[in-house]
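Scroll down for the structure; my scribbles are underneath it.
What follows draws every value from the coordinates through simple rules; no lab data is involved. Quick caveat, the model's predicted, so the values are computed rather than measured. With ideal geometry, Cβ positions are generated from the backbone for all residues, glycine too; neighbour counts draw on all protein chains shown.
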Amino acid sequence: LDVNLDERLTNLGWSDPLLEQWYKNYHLLVEYRDREGHCNVPQSYRDEESATNLGTWLDKQKQKKKKSKLTPSLVILLEEV
């Protein structure tokens, strides 16, 4: 599998609204980590500015990773945070 597939598709002008939302949530996670110093987001945590339940989103990503339902490039991004 190509770990850069998402980036290559984006560069070709292809977009996926679900993937775009994933990246927005990922950036919220990075902001949370930078602000709090960790990524142990409580499941009930909600980002007020974006109205995103970041804790629930992160929990779902962990579940998807365990079930091998995330692309390798998304797994790498989550592991790097």
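Numerical summary
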{"read-out": "3J(HN,Hα) from dihedral phi, the range 59-65, Karplus parametrisation 6.51/-1.76/1.60, rounded to Hz, x for glycine, proline", "value": "4, 5, 5, 5, 5, 4, 4"}
{"read-out": "Summed side-chain charge close to LYS62 - residues other than LYS62 whose Cβ falls under 13 Å, Lys, Arg +1, Asp, Glu -1", "value": "+4"}
{"read-out": "Nonlocal amide H pairs with VAL81, under 5 Å, H built at 1.01 Å", "value": "none"}
{"read-out": "Other-chain or far-sequence residues with amide H under 5 Å of THR52's (modelled H)", "value": "ASP47"}
{"read-out": "Simple Cβ-charge dipole of the range 20-66, Lys/Arg +1 and Asp/Glu -1, about Cα centre, in debye nearest 20", "value": "400"}
{"read-out": "Potential lengthening between GLU79 and LEU19 on full extension [0.36 nm per residue; Cα-Cα distance subtracted]", "value": "19.9 nm"}
{"read-out": "Relative contact order computed over the chain (Cα-Cα under 8 Å; 6+ residues apart), in percent", "value": "31"}
{"read-out": "Karplus-derived HN-Hα couplings along the range 36-41 (A = 6.51, B = -1.76, C = 1.60, θ = phi - 60°), whole Hz, x at Gly and Pro", "value": "9, x, 7, 10, 7, 6"}
{"read-out": "Helix-only CD estimate at 222 nm, as mean residue ellipticity for the chain, using -39500 (n - 2.57) per DSSP H run (n ≥ 4)", "value": "-19000 deg cm²/dmol"}
